[in-house]
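The structure appears right after this line, and notes come after that.
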Amino acid sequence: MTMTGALTTTSEPVLGPLHRELERHLGFTLGHCEDVADARYIYQALAIATRDRLIDHWRRTKARLAATDQRRVFYLSLEFLIGRSLGNAIQNLDLDESAREALHQYGIQLEELAEQEHDAGLGNGGLGRLAACFLDSCANLELPVTGYGIRYEFGMFHQFIENGRQVENPDHWLRDGNAWELERPESTRRVQFYGHTEISYDQQGVPQSRWVDTWDILAVPYDMPVPGFRNETVNTLRLWKASATDAFNLDEFNSGSYTEAVAAQNTAERITMVLYPNDSSENGKKLRLKQQYFLVSASLQDVLLEWVKQHGTDFSDFGAKHCFQLNDTHPACAVPEMMRLLMDEYGQRWNDAWEITSRCMAYTNHTLLPEALERWSVTLFSTLLPRLLEIIYEINSRFLKEVNEKWPDNPDLLRRVSLIEEGDAPHVRMAYLSIVGSFSVNGVAHLHTELLKDGLFSDFYTIWPEKFNNKTNGVTQRRWLAHCNPGLRDLLNETIGNYWETDLEAISNIAPYAEDADFRGKWRDIKQNNKRALVDYVRKYTGVEFDASSLFDVQVKRIHEYKRQLLNVLHVVHLYDRIHRGDSAGMVPRCVLIGGKAAPGYHVAKLIVKLVNNVADVVNASPEAAQLLKLVFFPNYRVSAMEMICPGTELSEQISTAGKEASGTGNMKFMMNGALTIGTLDGANIEIREKAGAENFFLFGMNAAEAQEAKQSYNPNQIISTDKDIQRVLELLESGHFNQTEPGIFDLITASLRSPHDQWLTIADLREYIDAQQEVNDAYKDQDHWNKMSILNTANSGWFSSDRTIRQYAEEIWRIKPLARRSDK
Ligand code: 26Q
């Protein structure tokens with residue numbers, strides 16, 4: 001098979017059986033002899049052999065795309081948290097058996113080999129992983145959706161723990177090569193920065209702006225295949241890498257500074273060097289704005305060029321044929337950049353360009369924290385992207401004029417909704433730019449969308465109520481159940497068939513089996529196996545010995561004050577205190593696992609990591625607690641770690657301050673895998689509880705309205721002084737019991753817990769949390785009933801498939817249909 005000659009889609013692939021292909025790649029592509037081949041090379045050979053099969057489907061999917069003029073969607077995201085690809089590709093191509101057979105002669109297990117692959121950690125957490133689940137669902141549903149992102153040289157940092165503290169190491173994930181990408185230099189694009197604008201007038205006297213004297217960077221695409229589930233569809237994730245232009249080098253080269261010319265290459269490549277490891281915006285970093293514009297400009301040019309190739313510069317239908325989904329405000333420059341390209345590059349007039357742009361942009365918000373809304377200083381914008389700033393000013397002035405016509409004499413409203421926040425240093429409000437430039441604005445869970453409408457974006461909701469809609473998040477059951485929990489997958493398949501793999505609502509068919517004692521026994525055995533695997537995993541990475549007969553209580557997610565890992569720690573300290581006071585009658589043995597990365601500049605989050613580790617050291621060293629309580633901080637939490645952790649989890653901690661977590665998606669992965677949730681009425685927890693049934697969910701704490709209200713007159717010290725349990729917990733923390741060699745290091749934490757200004761209201765919810773944990777404890781004693789609840793959680797998780805979410809995006813926002821088959825014509 002040749003890569004160039006074989007674009008005819010009728011020809012069958014000339015690929016041999018997988019074991020033969022594996023041998024061939026090992027011997028020829030990688031030049032290895034069988035007898036010295038180690039796991040690393042076998043992994044690579046299997047990855048390439050698997051990729052060959054994907055490429056075949058990929059070419060056919062591209063041919064289908066080229067043969068239709070269906071509306072297409074482009075998912076623009078600064079993050080795609082893909083994780084590993086081998087297991088996913090093998091599963092989706094239905095190659096599991098042949099892969100195992102092929103590996104037999106090398107005496108290595110598929111699972112073991114898969115461990116060779118570095119996670120593609122091109123994201124921080126929820127938002128990036130959601131983008132990856134969405135691409136999976138789009139391919140599964142055969143939707144014409146392409147992802148556009150950045151090929152960071154360094155993904156999310158590796159987290160190590162030293163003396164209880166987080167230490168960050170760079171994640172050079174491409175070090176051993178990446179079998180899952182193909183470079184496409186022929187589709188290189190050019191992106192401009194800096195320079196200034198010049199006005200000229202065309203024949204009709206219409207002013208025309210030109211962006212000149214710019215510093216240009218090349219954007220080189222790397223395409224990753226996104227396989228659908230056994231449907232011969234492979235979509236594309238296109239990731240851009242920055243590279244210097246030759247012209248730039250040549251100037252310096254001619255002036256004799258060869259080394260400077262080569263160094264310039266470096267300056268250019270810095271743009272895609274590293275992922276920013278903050279999951280709430282770190283304002284003002286010039287390099288971050290460069291990344292955002294780089295992604296947006298390269299991607300929009302890519303799509304426009306494709307259009308022009310086919311339609312010339314007639315854009316009348318462009319808006320009807322394209323939709324760009326903005327994953328939060330990070331790609332918000334797409335609004336002014338689309339205007340710029342249409343006007344400056346393709347000669348469109350403002351009104352036509354605006355008609356097209358505002359018709360094809362859609363914005364998803366992922367945060368309720370006002371301080372996390374992106375703002376960029378006008379000064380920075382005018383230096384880096386002067387032409388874009390001009391366009392933003394023009395969008396703003398037309399928008400404010402419209403508002404003023406509809407709501408005259410309301411300067412306060414104009415000031416509130418302006419795209420420019422005035423002040424000593426004016427800023428561009430990226431969320432407002434996204435709302436004004438989009439036809440759709442969505443939140444990611446029911447509560448979140450409601451809070452956007454009557455809080456953060458209420459003025460805009462008044463102006464354009466029709467733009468606002470909800471799309472509750474989901475996760476792909478193919479990675480988060482079928483792939484990561486093969487034991488449960490097989491039981492489900494033999495009991496109810498495998499429809500659930502492509503239609504998760506079908507999983508409700510196992511609900512009746514909750515009443516079947518025999519089935520419950522099998523259910524328990526699978527969980528028990530998964531727990532034993534987790535015991536080994538925890539031992540390997542922490543040295544701590546979990547006991548597989550204990551309750552496995554897990555909280556894994558980014559470390560954030562609003563997510564309240566502290567609440568969890570306070571409960572562990574409370575149990576420890578009870579054990580030491582001899583008050584442990586009826587206490588069920590419990591192993592608590594906490595994992596997650598703290599943003600390197602987020603001091604309090606890093607201190608929370610230290611606290612978890614120090615409490616863990618003391619608890620795990622206590623002979624009195626040994627039989628009843630363990631705590632570990634699991635280092636370097638990432639996608640592949642979750643694949644081991646969620647199948648073995650029994651209790652899922654979703655304990656954020658109500659009104660702060662937009663949705664959560666880990667909560668859904670745990671539910672699918674039969675964990676019970678202890679949680680607040682926040683984000684998608686509310687919907688999880690509705691679906692699971694209140695009796696199968698451990699609820700505690702204030703709701704969003706109550707939390708808002710409570711802040712008015714919050715007095716944590718009074719709560720502490722009137723609740724003996726809580727008082728002892730605080731005293732233990734303040735006595736230095738958990739930090740004897742570093743006195744006072746947790747003062748910041750205990751002071752904030754006691755502060756009437758504590759935004760996260762930790763102490764306010766602590767009593768109810770402790771009581772809810774006692775209910776968990778009591779429920780766990782009735783293992784038979786616990787298993788029923790566990791089965792019902794899985795059975796009712798159908799709503800939380802990203803297939804459902806994506807169907808809703810496709811029908812209600814994108815208005816797209818599955819890609820036509822060639823035979824559909
Ligand atoms: C912005 C500017 C500069 C640097 C970094 C950032 C930045 C990067 C990542 C800001 C935010 C993020 C990530 C946010 C995120 O992951 N939000 C989560 O999104 C999930 C998917 O919708 C939700 O389930 C979570 O509730 C939400 O916290």
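Determine how many Å³ per residue the convex hull of the Cα atoms of segment 356-425 encloses. Please report the intermediate quantities before stating the final value.
Details: hull volume 9.6 nm³, N = 70.
Output value, Cα hull per residue: 138 Å³.
For segment 155-262, what is Rg from Cα atoms divided by 2.2 N^0.38 Å, rounded to two decimals?
Numbers: Rg = 21.7 Å, N = 108, 2.2 N^0.38 = 13.0 Å.
The value comes to 1.67.
Over the chain, give the accessible area per residue in Å² for a 1.4 Å probe, as an integer. Numbers along the way, then the final one.
Working: 31800 Å² over 825 residues.
Value for the chain: 39 Å² per residue.
Near residue 126, within a Cβ-to-Cβ distance under 12 Å, what is the net charge of the other residues, with Lys and Arg +1 and Asp and Glu -1? Can you show the working numbers first?
Details: positive: 129, 557, 558, 563, 669; negative: 79, 279, 328, 661.
The answer is +1.
If each Cα of segment 723-803 is one equal point scatterer, what is log10 of I(q)/I(0) from the Debye formula at q = 0.14, 0.16, 0.26, 0.27 Å⁻¹?
So the normalised log intensities are -0.74, -0.81, -1.22, -1.26.
From the protein chains alone at 1.4 Å, what is the descending order of accessible area for 643, 162, largest first? Present the calculation step by step, with values, prior to reporting the outcome.
On the way: 643 25, 162 115 Å².
Highest to lowest solvent-accessible surface, that is 162, 643.
Once a ≥ b ≥ c are taken as the square roots of the eigenvalues of the Cα gyration tensor of segment 233-346, is the result rounded (a/c under 1.5), prolate (a/b larger than b/c) or oblate (a/b not larger than b/c)?
Working: a/c = 2.20, a/b = 1.37, b/c = 1.60.
Since a/c reaches 1.5 but b/c is at least a/b, the shape of segment 233-346 is classed as oblate.
If I compute solvent accessible area with a 1.4 Å probe over the protein chains, what percent of it on the chain is carbon and sulfur? Don't jump to the answer; show the numbers that get you there.
Numbers: 15570 of 31800 Å².
In the chain, the share of accessible area belonging to carbon and sulfur is 49 percent.
Quickly estimate the mean residue ellipticity at 222 nm for the chain, helices only: each DSSP H run with n ≥ 4 gives -39500 (n - 2.57), and the total goes over all residues, rounded to 500.
Values: 32 runs with 365 residues, N = 825.
It comes out at -13500 deg cm²/dmol, rounded to the nearest 500.
Give me Rg/Rg_expected for segment 597-656, where Rg uses Cα atoms only and Rg_expected = 2.2 N^0.38 Å with N residues. Before the final figure, lay out each step's value.
On the way: Rg = 13.6 Å, N = 60, 2.2 N^0.38 = 10.4 Å.
Taking the Cα Rg and dividing by 2.2 N^0.38 Å, one obtains 1.31.
If amide H atoms are built 1.01 Å from N in the plane of the peptide, which residues on other chains or at least 5 residues away come under 5 Å of the amide H of residue 72?
322, 323
Under 17 Å between alpha carbons, and skipping anything fewer than 8 positions from residue 309 in its own chain: which lysines qualify?
Qualifying lysines at Cα under 17 Å: 62, 321.
Sort segment 498-650 into rounded, prolate or oblate with this rule: let a ≥ b ≥ c be the square roots of the eigenvalues of the Cα gyration tensor; rounded if a/c is under 1.5, and if a/c is not under 1.5, prolate when a/b is larger than b/c, oblate otherwise. List each step's numbers first, then the result.
On the way: a/c = 2.12, a/b = 1.37, b/c = 1.55.
It comes out oblate by the Cα gyration axes.
Per residue of segment 105-119, what does 6.51 cos²θ - 1.76 cosθ + 1.60 with θ = phi - 60° give for ³J(HN,Hα)? Whole Hz please, x for Gly and Pro, Karplus curve as stated.
Ordered by residue, 3J(HN,Hα) equals 5, 9, x, 10, 7, 4, 4, 5, 5, 4, 5, 5, 7, 6, 4 Hz.
Tabulate in residue order the Karplus-calculated ³J(HN,Hα) for segment 763-772, using 6.51 cos²θ - 1.76 cosθ + 1.60 with θ = phi - 60°, rounded to whole Hz; enter x for Gly and Pro.
Per residue, the Karplus-derived 3J(HN,Hα) values read 5, 4, 9, 5, 4, 5, 5, 4, 5, 5 Hz.
Quote the Stokes-Einstein diffusion coefficient, in whole µm² s⁻¹, for segment 404-481, based on the Kirkwood radius over alpha carbon pairs, a temperature of 25 °C and a viscosity of 0.890 mPa s. Let's see the in-between values first.
Working: Rh = 14.4 Å.
The diffusion coefficient I find is 171 µm²/s.
Among residues other than residue 296 whose Cβ falls under 12 Å from its Cβ, what is the net charge (Lys/Arg +1, Asp/Glu -1)? It would help to have the intermediate numbers written out before the result.
Working: positive: 189, 290, 340; negative: 302, 337.
Every neighbour counted, the sum reads +1.
Can you give the accessible area of residue 731 in Å² (nearest 10), computed on protein heavy atoms with a 1.4 Å probe?
100 Å²
Please give every one of the aspartates and glutamates within straight-line cross-link reach of residue 691, meaning a C-alpha to C-alpha distance under 15 Å, and leave out same-chain neighbours fewer than 8 residues apart.
Partners within reach: 505, 682.
Taking amide H atoms as placed 1.01 Å from N in the peptide plane, list the residues 5 or more away in sequence, or in a different chain, whose amide H sits under 5 Å from that of residue 143.
Correct list: 819.
Which lysines have a Cα less than 30 Å from the Cα of residue 724, not counting those fewer than 8 places away in the same chain?
Partners found: 563, 606, 610, 630, 660, 711, 781.
From the phi of every residue in segment 499-509, what ³J(HN,Hα) in whole Hz does the Karplus formula 6.51 cos²θ - 1.76 cosθ + 1.60 yield, where θ is phi - 60° and glycine or proline is x?
4, 4, 5, 10, 9, 5, 4, 5, 5, 5, 5
Using amide H atoms built 1.01 Å from N in the peptide plane, name the residues 5+ places from residue 364, or on other chains, whose amide H lies under 5 Å from its own.
For residue 364, whose amide H was placed from the backbone, the distant partners under 5 Å are 326, 328, 442.
May I ask for the net charge around residue 804, where only other residues with Cβ less than 10 Å from the Cβ of residue 804 are counted and Lys, Arg are +1 while Asp, Glu are -1? Mind dumping the intermediate values first?
Working: positive: 471, 807; negative: 503, 505, 803.
It works out to a net charge of -1.
Given a 1.4 Å probe and heavy atoms of the protein chains only, how would you sort 259, 472, 542, largest accessible area at the top? Spell out each step's value before the answer.
Working: 259 95, 472 5, 542 45 Å².
Largest to smallest exposure gives the sequence 259, 542, 472.
As a test of reading the structure, rank 64, 821 by solvent-accessible area (1.4 Å probe, protein chains only), most first.
My answer, sorted largest first, is 821, 64.
With an 8 Å Cα cut-off and a minimum separation of 6 or more residues, compute the relative contact order for the chain in percent.
Relative contact order here is 13 percent.
What are the principal axis extents of the Cα atoms in the chain, in Å, biggest first?
Rounded to whole Å, the extents work out to 90, 73, 58 Å.
If a/c stays under 1.5 just call it rounded; otherwise compare a/b with b/c (prolate if a/b is bigger, oblate if not). Do that for segment 496-566, with a ≥ b ≥ c from the square roots of the Cα gyration tensor eigenvalues. The partial results should precede the final answer.
Values: a/c = 2.42, a/b = 1.51, b/c = 1.60.
Oblate, since a/c reaches 1.5 and b/c is not below a/b.
Using Cα-Cα distances under 8 Å and only pairs 6 or more residues apart, what relative contact order does segment 43-164 have, in percent? Provide the component values of the computation, followed by the final result.
Details: 109 pairs, mean separation 45.1, N = 122.
Relative CO of segment 43-164 lands at 37 percent.
Quick check: Cα centre of segment 624-687 to Cα centre of segment 277-333, how many Å?
34 Å
The values are calculated or read from the model by the stated rules, or taken from the named source; none is laboratory data. Fair warning: this is a prediction, and the values are worked out from it, not measured in the lab. Using ideal geometry, Cβ is built from the backbone for each residue, glycine included, and neighbour counts are taken over all protein chains shown. Side chains are part of the model used for accessible areas, which takes the heavy atoms of the whole protein and leaves out ligands, DNA and RNA. Shrake-Rupley method; radii C 1.70, N 1.55, O 1.52, S 1.80 Å.
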